[in-house]
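Have a look at the structure below before the remarks.
None of the figures in this text is laboratory data; all of them are computed from the coordinates on show. This structure is a prediction, so every number in the text was calculated from the model and none was measured. Methodologically, a virtual Cβ is constructed for each residue, glycine included, from the backbone with ideal geometry; neighbour enumeration extends over all protein chains shown.
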Amino acid sequence: SSYEHKLNFKKSKEACLSYIQDAMLQKQWKRAAEFLTFYVESLEKDYSREHVGPSEMIWRIGTEILCHHSHSSVKEFNCFMEQMKTLGVKRYLKASILNAVCLEHVFHLLCNGQIDEAYQNLSLAESWRFGEQTAIQNKEMKLIQAYRGLLDYYSWSKQKNILLEHGLDGFADLSVEQEMHSCFRKAAVNLKEIIKIPGVWDLFVKCYVDLLEFYGDHNEARQVLNEYAYNSKFPANPNAHVYLYQFLKRQGESKKSLISALKILHDIVPSHELMIDFNTMLRKSKKRKRRRLGLEVIFAVLDYAGWKENVKAWSCLARQVKQVVISEKHLGWIKKEWSSRKDWWPAFHFSRYLAKRNWQENESLSYEKALVAGILLGKDCKYFKYVSHQGCKAQVKRFRMLKKFVNRHNPVYLRISG
Amino acid sequence: RDFNERCAQCSEVNWGLTDGGRYYCRSCHNVTERTREVVNTDFMTNSRVQTISKHSRKQEKTGGGCEWYVCEGFQLVLKKQAEALEALGVCPQMKDEILCNFWRCYLQKSKQAYCNRPAGETVKALSVCESSTDVDSEPDRPSILHLLSLSESEGDLQTDCSFASSMSKVSENTSVYSGSVDGSLYLMKNQKEKLRMTMPMTLSFCYMALLWLREPMTLSELLRFVVEGHIPYLNVFRLFPEKMKLCGLDLKIFCVESWPVYEEVHNKMVELAAFLDLPRFPDITDNCFLHPDMLCIKYLMEANLPDELHNWTCRVVKKIGIGEVDFLTLVPGNKSTRKVKYDILAAAVIIVVLKLLFLLDDNYEWLLSDLAEERNKNNKEGGQYFEFKKWYEVVKHSLDVEQKKLDEERAKYVWRCEKPLFYSVKNKSKVLKRRQMVVNLQNQFGKLSGPVQRAEKPNPSSFQLSWSEENTDCFHGHSLKGILQEKRGLLTAMNPDYWLCTVKLCNERLCGHLAHYREVDFPQSYHFVLRLFSFLLRIQPSYIHDEVCMIEHKLFNKKLYKKLKYNTVLRK
């Protein structure tokens, strides 16, 4: 506090640190840099007993400032990082922190397109060994290896494209092919390691699976994707299921397995774009349960504002609703889905304002929606009335058909809404 | 050197000369009564210092360092501090006479039993370049770690403890490192008996000399000058000559990493004066700078308060007798009297006067202020009446600005200097590399700091707040008429009430304070004035509060004898 007139080194640096943090929060980078110059002499004291030492502080703060300050450059950043690494090698930074420093540096280099430098840095970091802790146990080290694997994948990919473009004509390409295989091996080894650890590794998984598929190891690929999607130790990740589904599709797997993959995705992310495919798959099924699920899925999709104006989604719903109405079976399904939505969907989707707008902007959209509205809310609802009237006035054939259809099936509405 | 008798204690013939010109045995430090005519009385130069240890000086193999004793180091520090004070305007007599006499006296008093080693043992401390494993060292020699733990200032230099702990693994019999000859010995000494010299004590010496000469510098000013860098204290080793190598345990002795604390310096000064058997100090009379009447003028000006208040401070001072020569003058060794802290006393007097005139209960002072404001509005001619509210706003604004600056200065305080410190030759390269890195980082981020350059250290100034007489913001000339009335030919305050800070004083010796200050227990206005003087004097508000309590108790002595209820308001 300001009434404290005593001062020692430690308190002084603590105060300095809080000024730095305030400045950073307010994005005053010059001020943060200014106070950092006064903080750095902390390095001359040994804080080995502290949890977070000044080296780490300086690295984190310095990185932030250099990233945001308008006058800093990649060169300055690199120079700073080199200094931090020197600090680390002198054992004042824990091994994991040092690796983290390296990784940040690498990201920065990658963002600036300095791929080769990034690769070199990664290789260098991998070669560091620290007395007590072997590099392998270190999670950050695994990341370093993984990113190197990623860059190897990138090289592999480039070479693969070269080969595919020019075709395997002539021995000149043999070296390219050999290099490609060598990149594959390096990449595979490293990528495989990281995805064993619970985490979100979308990029690594994708690349690894790509490699495996190319070389025909589908079993391994399937195993990897299953692990990634279903192992409870891994954090819930919608993408895992997407990748699995896409793989299964590529492999021509049975509908059953495709559906079970997408079902989980529906549970996690009901508004996912794959839900359209899912619904399409389901409503064509012979099995009742699946058709039922399809209805559930498509209703859930349209709960989300992002789908409001999506013709395809409305078309799916419209088709399925039509299907149910015509068969006159399973009206209970619609009733059930509608019961939790009837209080808010009308205002959300079927207001008069929306009717006007949809008609003006997108006739198909208004058509599909009108069909749904007509069934769910009856022929006298605002939306249906307006759109069908406009449609008939404009003498568009399908609107006349629509009007007839809805009028004919109006009793359905009564049963649903009751 | 021409003295060939055997030592009475250890039978060796190994003599040196103390500063007092007496022979002492270098083996057992037994001081004799035999003196040698000393021609050269120049106490402070190195040549004088050499008389003590010239005999054992030998050129080192590396670095050209010399052997030096800890007390020589302190002597040098004091010399530099005295020079700095002279540059600030203190009379040269301080440096040339007073301070060195005090120091000589101290050396005599403390050297008589500088160490209590059995006869025959020699000082065995290694200098910088000797090897660390010495098989012949005594088995019961303490390890470095033990020595380090003996030092009472645990806040300083924890840095090197970790290094020391790794060193002690080398060998339990390892002799200790220090650049000075007796660094390790110094720390081993039983501190309580001999008033072992420390860095804060150098300031006690300085203050004692200033007090003796009645120089116009209070202790709070002295310490402020130290913090502002005008007087060597932090990194004072920078001023040591090249050949006086500082390393190892010397760091524990000479390097500080905290600001000097008022109470500590003051208490040590008092202890020191007693230790040196000094007589009664020169009288503090009413034309001395340190006399409350004089100091009050300064503080009233600095606090931007009306000059008229000075009459009141003088009245209070007179009434309770704190302007008396015997009260103010320091008599060392007299444990019964409470030692006077002149700056705090003067500040407290002003606060009491403000309470007398304005009550400061967060209510009355504003009422008075409104009245004054009315009067000032209606009456443009004639002097301005003092409006508490306006004063408060003006001073608070300046205080907040200065406090904010001070807070930033605390965060930006530079503790290390370009001359690196290393524990031993072994970690020298590490330390130098570190320093290089620090410098690199400072340069790199310094460039990113923008055009704002670090201000040069401020010119030493006696006044921290100043108010220009031409400004409307200056209250010096304002009149107190609005709050005074005449009663029986005497001017008294219109305010009839007063509230005591505390009804009962604590026993200072037991709990360290006369009263216990908590901001929430007192009116905001009171807290504000405490805060103002706390800033000016750079001490905790609670210390000023203590003095206020003390003054109030003297002032209302009689009334307090009639048992009053807690926090009752008194009628004057």
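Structural remarks
- Over chain A: Rg over Rh, Cα atoms, Kirkwood Rh: 1.14
- Net +/- balance of residues flanking A:Tyr383 in space, Cβ distance below 9 Å, scoring K and R +1, D and E -1: +4
- Hydrodynamic radius of the stretch B:193-281 by the Kirkwood approach over all distinct alpha-carbon pairs: 14.1 Å.
- Hull-based mean projected area of the stretch A:252-307, where the convex hull spans the alpha carbons, in square nanometres: 3.6
- Helix A:115-127 and the longest principal axis of the Cα set of chain A meet at an angle near 60°.
- Amide H contacts of B:Asn235 (H built 1.01 Å from N, in plane; Pro and chain starts excluded): B:Val256 sit under 5 Å, all sequence-distant by 5 or more or on other chains.
- Chain A, relative contact order [Cα under 8 Å, separation at least 6], %: 6
- At 0.692 mPa s and 37 °C, Stokes diffusion of the stretch B:299-344 via Kirkwood alpha-carbon radius, µm² per second: 265
- For the stretch B:298-384, Kirkwood radius (reciprocal of mean inverse C-alpha pair distance, Å): 15.4
- In this structure, the amide hydrogen of B:Leu484, modeled 1.01 Å from its nitrogen in the peptide plane, lies closer than 5 angstrom to those of B:Met494, counting only residues at least 5 positions away or on a different chain.
- In this structure, the pairs whose alpha-carbon distance is over 20 Å, taken from A:Lys13/B:Lys268; B:Lys243/B:Lys419; A:Lys287/A:Lys404, are A:Lys13/B:Lys268; A:Lys287/A:Lys404.
- Note, ³J(HN,Hα) from phi for the stretch A:201-207, Karplus 6.51, -1.76, 1.60, rounded to Hz, x at Gly and Pro: 10, 3, 5, 5, 5, 4, 5
- Shape category assigned to the stretch B:389-515 from the gyration tensor of Cα positions, a/c cut at 1.5: oblate
- Placing one equal scatterer on every Cα of the stretch B:380-436 and applying the Debye formula, the log10 ratio I(q)/I(0) at q = 0.15, 0.28 Å⁻¹ is -0.68, -1.05.
- In the stretch A:266-375, the alpha-carbon atoms span a convex hull of 96 Å³ per residue.
- Inter-site label distance for A:Lys284 and B:Gln524 at 7 Å from Cα along Cβ, in nm: 7.6
- The stretch A:254-307 versus the stretch B:69-110: alpha-carbon centroid distance in Å: 91
- Using only Cα coordinates, the Kirkwood hydrodynamic radius of the stretch A:313-417 works out to 13.5 Å.
- Sorting B:405-418, B:220-233, A:187-200 by average packing, meaning the other beta carbons within 10 Å per residue, from highest down gives B:220-233, A:187-200, B:405-418.
- For the stretch B:464-510, GluC sites (Glu not before Pro) meeting the loop criterion (DSSP other than H, G, I, E, B) and having at most 12 other Cβ atoms within 10 Å: B:Glu469, B:Glu470.
- Taken over the stretch B:485-566, lysine pairs spaced eight or more positions apart, or on distinct chains, with alpha carbons under 22 Å apart number 11.
- For the residues of B:540-549, the average number of beta carbons from a partner chain within 10 Å of their own beta carbon is 1.
- Counts of other chain beta carbons within 10 angstrom of each beta carbon in peptide B:401-411 average 4.
- A convex hull fitted around the alpha carbon atoms of the stretch A:139-244 yields 88 Å³ per residue.
- For peptide A:141-152, the mean count of partner chain Cβ atoms within 10 Å of a residue's Cβ comes to 0.
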